1. When the distances between all Cα atoms of the range 1-44 are binned every 10 Å from zero, what whole-number percent does each bin get?
2. Which entries in the list 7/28; 7/50; 4/175; 4/28 go over 18 Å, if you measure between the two C-alpha atoms of each?
3. Find which of 210, 162, 195 sits farthest along the positive direction of the dipole of the range 141-215, computed with +1 on the beta-carbon of Lys and Arg, -1 on that of Asp and Glu, about the Cα centre.
4. Please give, to one decimal in nm, the separation of the simple spin-label points placed at residue 295 and residue 202, each 7 Å out from Cα toward the Cβ.
5. Using 5 Å bins from zero, what percent of all Cα-Cα pairs in the range 158-197 falls into each bin?
6. Once the Cβ-Cβ distance between residue 61 and residue 241 is put in as r, and R0 is 45 Å, what FRET efficiency do you end up with, to the nearest 0.05?
7. Among the GluC sites (Glu not before Pro) within the range 124-202, which fall in a DSSP loop and have no more than 13 other Cβ atoms within 10 Å of their own Cβ?
8. Obtain the nm distance between the two label points defined at residue 150 and residue 271 by a simple spin-label model: each point lies 7 Å from its Cα along the Cα-to-C-beta direction.
Amino acid sequence: MDSKSVKEFIRKEVPDWDDELIAAARFKAFSGQKSDWEPKFQFWKNLIVKIARHFGVFIISPPQVKNEWFNRGGLTPLCIDHVLFIMYNEGEITRISDMVGPYSGRITQLFYKVKSLMNRSTMSPESILLEDCLILTTLLKEKADEVIKCLSESHWNSHCVVTRNKFESMCGGQKEGYAVLSYLSGCRKGQYLSTNKKELIEGIKVSLSSAVVSGVSSLDFDTLHLIWTQEKLQQQLDVIDRRWEMSRQSALASLKSGNKKLALRHAKEMKLGTENREKCNSLLNRVEEVLCVIANVESTKQVTGAIQIGARVIKENKTSIEEVQLCLEELDESIDSQKQVEKALEPAPSLDMEDEDIEEEFRKLELEIGSGNLKDLNPEAGVSDSEGTDQSLADALLNLKLADDAPGSGSAIQNSGLPAKNKESNSPMLEAA
């Protein structure tokens, strides 16, 4: 985070930052009643928090804030020391030296708390600028929540154990890891643990739920040792891969220069690197299998505990087996109904057909449609159909007339202009009459 990028961000957040009159009023020291300088204090406080949040930091340096962030051509705000001092008194910032040492015991942590309370009363606006690091408590809490969320995405148990190096890398550095772990330890959401297996292995146990972190057990130490071994093997694999790539590049360069003997030596190094990688990868797979078994055992333990709690609740409430069975059946029916709904909402499966088959079917349809249109468009066929319809209508009228009237009614039919028909016609209309 350089001062140039910070100043660009300030100009975006404060459009009138380069206004000389407004800047002169902002850079003055606080004077008068609190109500007179309260808006100016809120401006500087919010701006400090915005800059730190934008650049992903929660540890700031007072000299850097005053002399780099808010430097305008050699002019620095005269009120910034009072701003930081008020924020310190209100608990919005704290010194890293005031934080409880997370890597120490309970008695030492209690001593740190007493020492912090004693030092807070002796602070002054001038002395706070001499501090190397100040921690923004609001952003510290946000960072701790971010770390827990990140760990929850890769661990589905209520707690997890990670190495100290990994925890500090997730926090952003050694100081950041110290501050985050100190905060988690104060909330009883994190606990430091270490074991000595030929060398010191340090780790952090973090609670991923709303409950406080449980005490460190022997299984936690064994898990830490396995995770540390896993990380070491992964680092060794990365080193082997880098060396193998370097040997490959050297072998190619030697072949291009015509030095076959040197190329052969690099090829042997590549072969040896491949063998070492297979051995290291085999060990890494075995460690991961053991970690997977431990995770499965913990999940089984949680399920067993849930079953025991359910059994105890049934006994306390005097619930019969029939009621439990009825609840389970209703639950199964609800699950089946949900599955049916999901199945009905699923898109219809696409037909797996070849393009040639589709084109062939399309040609057949075109031929059928074409032949049908030719028949419909034939004028002779249309005339004959029309004449047949008129003839049937005339026959029906004639037969009905013959059935109702006298024999001398033929002249009326002839005058009507309709053609006459034989009386012996087998028309269904006549039979009906």
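The values are calculated or read from the model by the stated rules, or taken from the named source; none is laboratory data. What you see is a predicted model, and the numbers here were worked out from it, not measured in a lab. Note that we place each Cβ from the backbone using ideal geometry, even for glycine, and neighbour counts take in every protein chain shown. With ligands, DNA and RNA removed, areas are computed over all heavy atoms of the protein, side chains included. Shrake-Rupley method; radii C 1.70, N 1.55, O 1.52, S 1.80 Å.
1. With a bin width of 10 Å, the distribution comes to 24, 47, 25, 4.
2. 7/28; 4/175; 4/28
3. 195
4. Distance between the two pseudo-spin positions: 2.6 nm.
5. 6, 24, 29, 28, 10, 3
6. 0.70
7. Within the range 124-202, the qualifying GluC sites (Glu not before Pro) (loop, at most 13 other Cβ atoms within 10 Å) are 199.
8. Reported label-point gap for residue 150 and residue 271 is 4.3 nm.
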